[in-house]
Amino acid sequence: GYHSRARGPYAGNPGLGFAVPWCVVDSILPRLRAGDVLKAGFLGISPQETPTGIEVANVTEANSRGEPTGAKQGGVAKGDVILAIDGKTVRTQLELLAALADRASGGKIVLRVRRGETELDLPVTLHDL
């Protein structure tokens, strides 16, 4: 294992560093200055990549406090294929995560899905986990 003879504030530091991209900091800074408590937004789905896109494998019924998830309230259904978030196309789970990464609890999004042969725009309010 890792062993260090360092003393003081750097004792045991194996040289790992963590950074937050400025674009993320810049997007939340106004809310922090206003004194908002930031909680990550939770959509409430289990996504699965398929050849046709990101399919909703499951919709979570409730968050940890028993409240309905945003996906449940917004009408997202198992089998829906996610096409876009707020007009921005998403094709992979990584793009889906990136599109939701800076969204806080209480934030609103428009989720474009394909259900069968029909495309729907579903307004969804994100909640916390």
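The values are calculated or read from the model by the stated rules, or taken from the named source; none is laboratory data. Just so we're clear, the structure is a prediction, and the values are computed from it rather than from any experiment. Cβ coordinates were reconstructed from backbone atoms using ideal geometry, including for glycine residues, and neighbour counts include every protein chain displayed. Just so you know, the surface numbers come from the protein's heavy atoms only, side chains and all, with ligands and any DNA or RNA stripped out. Shrake-Rupley method; radii C 1.70, N 1.55, O 1.52, S 1.80 Å.
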Practice task
Taking residue 96 as the residue in question, decide whether it is modelled with pLDDT under 95 and within 15 Å of residue 54 (Cα to Cα).
Solution key: yes
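Conditions (1) closer than 30 Å to residue 73 by Cα; (2) of a type in the set (Phe, Trp, Tyr); (3) modelled with pLDDT of 75 or more, marked per residue:
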site: 6; (1), (2), (3): no, no, no
site: 20; (1), (2), (3): no, no, no
site: 24; (1), (2), (3): yes, no, no
site: 33; (1), (2), (3): no, no, yes
site: 39; (1), (2), (3): yes, no, yes
site: 51; (1), (2), (3): yes, no, yes
Exercise for the section: Might you check whether a residue that is closer than 25 Å to residue 28 by Cα and either of a type outside the set (Lys, Arg) or under 13 Å from the mean Cα position of the chain (by Cα) (or both) occurs anywhere in segment 112-121? Expected result: no
Fill in the blank from the handout: Reported set for segment 41-92 where residues are open to solvent by 10 Å² or more (accessible area, probe 1.4 Å), on the phi > 0 side of the Ramachandran plot and assigned to a loop (DSSP other than H, G, I, E, B) is 66, 75, 79, 86, 87
Practice task
Answer yes or no as to whether residue 103 is touching a residue at least 60 places away in the same chain (Cβ under 8 Å) and either over 22 Å from residue 24 (Cβ atoms) or over 16 Å from the mean Cα position of the chain (by Cα) (or both).
Solution key: no
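For segment 93-110, enumerate the residues that are open to solvent by 60 Å² or more (accessible area, probe 1.4 Å) and either assigned to a strand (DSSP E or B) or among the aromatic types (Phe, Trp, Tyr) (or both).
Scanning segment 93-110 gives 108, 110.
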Exercise for the section: Tell me, please, whether a residue that is over 23 Å from residue 25 (Cα atoms) and under 12 Å from the mean Cα position of the chain (by Cα) can be found in segment 62-69. Expected result: no
Practice task
Restricting attention to segment 111-127, report how many residues are closer than 12 Å to residue 79 by Cα and crowded, with 19+ Cβ neighbours inside 10 Å.
Solution key: 1
